[in-house]
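Report on the structure given below.
The values are calculated or read from the model by the stated rules, or taken from the named source; none is laboratory data. Not measured: the values here are computed from a predicted model. Methodologically, a virtual Cβ is constructed for each residue, glycine included, from the backbone with ideal geometry; neighbour enumeration extends over all protein chains shown.
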Amino acid sequence: MPVPLLDLKAQHAHIRSDVVPALMQVVEDQLFILGSTVERLEAAVAELSHTRFAIGCASGTDALLLALRALDIGRGDEVVTTPFTFFATAGTVHNVGATPVFADIDPATFNLSTAHAAAVCTPRTRAVIPVDLFGQMARMEELAAVLPNLPIIEDAAQTIGARRRIGGEWVMAGESATIGTLSFFPSKNLGGYGDGGMMVTQDEALATRLRRLRVHGGATQYLHDEVGYNSRLDALQAAVLSAKLPHLADWSRLRREHAAYYDRAFADVPEVRTPTIDAGNESIYNQYTLRADRRDDLQSHLKRDGIGSAVYYPLPLHLQPCFAYLGYRQGSCPESERAAREVISIPVFPELTRAQQDEVIGSVRVFYGH
């Protein structure tokens, strides 16, 4: 039985009756850029994230870029982040003229190591970008305690709806950051039918500036206070996302159930190590990522069995050719490098059936002789 890594067609079949009328309403209204449809989504995401403000934009990458610009980060500045993430996290730092500084990851959670982040800070450090990888939040409270004077841009592209218990209270992804950034790329837990992103913040002045920056730097049409960007969330994407948002909590619950089933199934397979979730975290499992012996051979085996998988990420950012000018070498971030050799993500999407999961489990167990 073939098992895809992600089955968006199955998801659409379940929610078609919600999404199609929402799309057609935008077509009937003929109001496609920003407007009330986007504003309703912004209000709903702010409520979910426990933030005062949410500002839609064109992509998760733009959300990071706009956040950096809103904090006046540019030439001569340094921004600390992880090398074990999607390229946009560091690419946007470069694109505002600043220098990405890489700190290694915690080997258990794959998230930024607080101790390493603190160790690489210099007087030029202007911000830190922790990434909530694979669906669980970074240790936001530790970073805030160790780096109390630095803005924190939380790259929450993979964690909308995730939460972490801090000081005895549940804190949502993006809630405690200076600015949290979200992605609505189709493969995300809340994905559009195209690209889209959003920024969340508690700071009214930052929210005002982010709104201005996304529309060429002008709060009033044809009047530009600064040079900004064309990074507006279109109403068609907002309509899709608003129709899908009521399903998000149930989808996250199903992903956690699938993850728990995998955890039990692989408990006696020493060649694979299942994900470690911090005791204070409730993950939304954007990915279910194993550490696996002979990872590349396992992936080839899964492919032969018709089972989808992916490697996020095969080459850490500090070793990417475009960042060679920074002077990092093999061994600079050993845990990130080890993770890149070992990780493999397997299907965990909400519509995954138990029979499909058993196919995945059986294939992995057969490969390792169990």
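Just one of the listed residues (Ala260, Ala205) is surrounded by fewer than 19 Cβ atoms within 10 Å (Cβ to Cβ), among the small types (Gly, Ala, Ser), modelled with pLDDT of 95 or more and not assigned by TED's automatic domain parsing to the domain that holds Gln136, namely Ala260. Identify, please: which residue in the range 174-195 is in a strand (DSSP E or B) and hydrophobic (A, V, I, L, M, F, W, C) and is, among those, nearest to Leu254 (Cα to Cα)? Here the residue is Leu182.
Out of all the residues in the range 294-311, which are surrounded by 18 or more Cβ atoms within 10 Å (Cβ to Cβ) and among the hydroxyl-bearing types (Ser, Thr, Tyr)? Passing the criteria: only Ser309.
What about Ala22, is it at pLDDT 95 or above, out of contact with any strand residue (DSSP E or B) (no Cβ under 7 Å at 6 or more places or on another chain) and assigned to a helix (DSSP H, G or I)? It is false that Ala22 is at pLDDT 95 or above, out of contact with any strand residue (DSSP E or B) (no Cβ under 7 Å at 6 or more places or on another chain) and assigned to a helix (DSSP H, G or I). Among the residues of the range 140-160, those that are surrounded by fewer than 22 Cβ atoms within 10 Å (Cβ to Cβ) and either part of a loop (DSSP other than H, G, I, E, B) or out of contact with any strand residue (DSSP E or B) (no Cβ under 7 Å at 6 or more places or on another chain) (or both) comprise Glu142, Ala145, Val146, Leu147, Pro148, Asn149, Leu150, Pro151. On the basis of being in contact (Cβ under 8 Å) with a residue 24 or more places away in the chain, under 22 Å from Leu245 (Cα atoms) and assigned to a strand (DSSP E or B), does Met137 make the cut? Criteria not met by Met137.
Taking the range 135-144 only, how many residues are farther than 14 Å from Thr178 by Cα and over 18 Å from the mean Cα position of the chain (by Cα)? So the count comes out to 1.
Being under 27 Å from Leu147 (Cα atoms), in contact with a helix residue (DSSP H, G or I) (Cβ under 8 Å, 6 or more places away or on another chain) and among the small types (Gly, Ala, Ser) is a condition met by at least one residue of the range 42-59. For the residues Tyr325, Tyr312, the requirement of being part of a helix (DSSP H, G or I) and out of contact with any Lys or Arg (no Cβ under 8 Å at 6 or more places or on another chain) singles out Tyr325. Condition (residue is assigned to a helix (DSSP H, G or I) and exposed (fewer than 13 other Cβ atoms within 10 Å of the Cβ)) applied to the range 275-293: is it met by at least one residue? Looking for residues that are assigned to a helix (DSSP H, G or I) and exposed (fewer than 13 other Cβ atoms within 10 Å of the Cβ), one finds none in the range 275-293, hence no. Of all residue pairs spaced 6 or more apart or on separate chains, those with beta-carbon atoms under 9 Å, a first member in the range 25-39 that is on the phi < 0 side of the Ramachandran plot and a second member that is of a type in the set (Asp, Glu) and surrounded by fewer than 16 Cβ atoms within 10 Å (Cβ to Cβ) are Ser36/Asp29; Thr37/Asp29. One residue stands out in the range 208-237 among those that are without any contact (Cβ under 8 Å) to a residue 60 or more places away in the chain and of a type in the set (Ser, Thr, Tyr): the one that is surrounded by the fewest Cβ atoms within 10 Å (Cβ to Cβ), namely Tyr222. Only residues that are in a helix (DSSP H, G or I) and buried (at least 24 other Cβ atoms within 10 Å of the Cβ): list them for the range 66-115, please. Result: Leu66, Ala67, Leu68, Ala70, Thr89, Ala90, Thr92, Val93. In summary, Pro314 fulfils each of the numbered conditions (1) in contact with a helix residue (DSSP H, G or I) (Cβ under 7 Å, 6 or more places away or on another chain); (2) surrounded by fewer than 19 Cβ atoms within 10 Å (Cβ to Cβ); (3) at pLDDT below 95 with the single exception of condition (3). In a residue-by-residue description of the range 99-115, the property of being in the same structural domain as Thr82 (by TED's automatic domain parsing), at positive phi and touching a Gly at 6+ places or on another chain (Cβ under 9 Å) applies to no position. Is it true that some residue in the range 156-170 is out of contact with any Phe, Trp or Tyr (no Cβ under 9 Å at 6 or more places or on another chain), of a type in the set (D, E, K, R) and over 25 Å from Glu39 (Cβ atoms)? Looking through the range 156-170, at least one residue is out of contact with any Phe, Trp or Tyr (no Cβ under 9 Å at 6 or more places or on another chain), of a type in the set (D, E, K, R) and over 25 Å from Glu39 (Cβ atoms).
State whether one or more residues within the range 354-365 are under 17 Å from Ile105 (Cα atoms) and either aliphatic (A, V, I, L, M) or part of a helix (DSSP H, G or I) (or both). Checked against the condition, which is being under 17 Å from Ile105 (Cα atoms) and either aliphatic (A, V, I, L, M) or part of a helix (DSSP H, G or I) (or both), the range 354-365 yields no hits at all. Which residue is farthest from Glu169 (Cα to Cα), if the candidates are limited to the range 252-298 and must be small (Gly, Ala, Ser) and over 17 Å from the mean Cα position of the chain (by Cα)? This residue is Ala292. Screening Val240 with (1) buried (at least 16 other Cβ atoms within 10 Å of the Cβ); (2) touching a His at 6+ places or on another chain (Cβ under 8 Å); (3) aliphatic (A, V, I, L, M); (4) not in a strand (DSSP E or B) gives one miss only, at (2). Of Tyr229, Tyr222, Tyr313, all but one fail to be outside the structural domain of Arg16 (by TED's automatic domain parsing) and among the aromatic types (Phe, Trp, Tyr); the exception is Tyr313.
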